[in-house]
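*Asks:* Have a look at this one before I ask anything.
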Amino acid sequence: MKNKSEFVVFCEPRTGSYSLISRLHSAHDITCHEELFKEGELELYPWHRRKMKRWTAAKRNNSPDEFLSELRALNPHKAFGFKLFNQHVNRVKPLRSYLNKPSIKKVVLYRDPLEVYASLLRARKTNKWTKPISAKNEVEEAPKVRFTPESIMAFATSYNAFLENAFKISQSSESFAISYSHIEQESRVNALLNFLGSSASIEDVHSEYAKQYTGSLEEAFENWNELNDFINSTVVFRDMPAGEK
């Protein structure tokens, strides 16, 4: 059966997007690309990169609709999607129109703000942004990170902007909100696959990425009490996307 739906996974860095995208892409009737609008480069799978070799990042930014149409045509009988960050929409203005098309299904992937903040600090400290599934059982050093008022305020500004748009998008009847904690949960993954028009189930899909950190949020920080006090007195995060439908 042909699956011609189109979708975006609206998310932010460190929300588990690589894991979810990989899982969706492994479905037999879905092609789900990674960060197509990464600044300065095209993040394409090898086969698609060879087919799209005439495109550069600059050309893509100038003609995003043409770029997406040509890329989509490579897999005409599968659902077609890619991940989209708030910064992509702000930098490549025509993407807002694409995102607002009624025909485009919207998957909103979100995560607890402090978990995202801790993950971002840890990735910057270690320069390790993903963990391949082949290294799942390898024990890696997970250094504690340190909160600073400057870094949490900068992060809050950015993440709140994402949450504001994510909340709006999640109001649409053609949207599906899923949290980081549920991207391996059978009922939620099956519901998401169904939403995208796929006949696959969680037993049919897999991710090429493993979780990088399995400790508690409190254990992640060397100055947790200071962060907790600052959060309670100063920082306010916006509401999460409207309910998991």
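The values are calculated or read from the model by the stated rules, or taken from the named source; none is laboratory data. Please read all numbers here as calculations on a predicted model, not as lab measurements. Reconstructed Cβ throughout: ideal geometry from the backbone, glycine too, with neighbour counts over all protein chains shown. When the accessible area is computed, the model is the full protein with side chains, heavy atoms only, and any ligands, DNA or RNA have been set aside. Shrake-Rupley method; radii C 1.70, N 1.55, O 1.52, S 1.80 Å.
*Asks:* State, as an integer percentage, the relative contact order of segment 159-245 based on alpha-carbon contacts under 8 Å between residues 6 or more apart.
*Replies:* Computed value for segment 159-245: 52 percent relative contact order.
*Asks:* For segment 110-167, run through the chymotrypsin sites (Phe, Trp or Tyr not before Pro) and keep only the ones in DSSP coil with at most 15 other Cβ atoms within 10 Å of their Cβ.
*Replies:* Passing both the DSSP loop test and the Cβ count: 129.
*Asks:* In addition: Classify segment 102-211 from the C-alpha gyration tensor, please: rounded if a/c falls under 1.5, else prolate or oblate depending on whether a/b exceeds b/c.
*Replies:* oblate
*Asks:* Counting only heavy atoms of the protein chains, get the accessible area per residue of segment 26-67 (1.4 Å probe) and round it to a whole Å² value.
*Replies:* 52 Å²
*Asks:* Something else about it: Roughly how compact is segment 21-109, stated as its Cα Rg over 2.2 N^0.38 Å to two decimals?
*Replies:* Expressed relative to 2.2 N^0.38 Å, the Cα Rg reads 1.02.
*Asks:* For the chain, what proportion of DSSP beta bridges, expressed in % and rounded to the nearest 5, is antiparallel?
*Replies:* 5 percent
*Asks:* Sticking with this one: Figure the gain on full extension for residue 239 and residue 203 (residue separation times 0.36 nm, minus the Cα-Cα span) and round it to one decimal in nm.
*Replies:* Value of the extension gain: 9.7 nm.
*Asks:* Can you tell me the accessible area per residue over segment 121-193, all protein chains present, probe 1.4 angstrom, in square angstrom?
*Replies:* 56 Å²
*Asks:* A further question follows. Given labels modelled 7 Å from the Cα in the Cβ direction, how far is it in nm from residue 151 to residue 173?
*Replies:* Using points 7 Å along Cα→Cβ, the separation is 4.5 nm.
*Asks:* Let me ask something additional. Using a 7 Å offset from Cα along Cα-Cβ at residue 130, what residues in segment 18-34 end up with backbone N under 16 Å from the label point?
*Replies:* Backbone N within reach: 18-27, 31-34.
*Asks:* Taking amide H atoms as placed 1.01 Å from N in the peptide plane, list the residues 5 or more away in sequence, or in a different chain, whose amide H sits under 5 Å from that of residue 223.
*Replies:* 147
*Asks:* Now, a different point. Rounded to two decimals, what is the ratio between the C-alpha radius of gyration of the chain and 2.2 N^0.38 Å?
*Replies:* Expressed relative to 2.2 N^0.38 Å, the Cα Rg reads 1.03.
*Asks:* Once the piece of chain linking residue 57 and residue 28 is laid out straight, how much longer is it, given 0.36 nm per residue of separation minus the C-alpha distance between them?
*Replies:* 7.6 nm
*Asks:* If amide hydrogens are placed 1.01 Å from N in the peptide plane, which non-local residues have theirs closer than 5 Å to the one on residue 170?
*Replies:* It is 242, by chain and number.
*Asks:* Something else now. Given the pairs 78/105; 4/106; 144/211; 38/59; 106/168; 78/168, which are separated by over 20 angstrom at their Cα positions?
*Replies:* Cα-Cα > 20 Å for 78/168; rest within.
*Asks:* Also, quick follow-up: Please compute the alpha carbon radius of gyration of segment 162-220, then divide it by the globular-protein estimate 2.2 N^0.38 Å. Two decimals is fine.
*Replies:* The value comes to 1.38.
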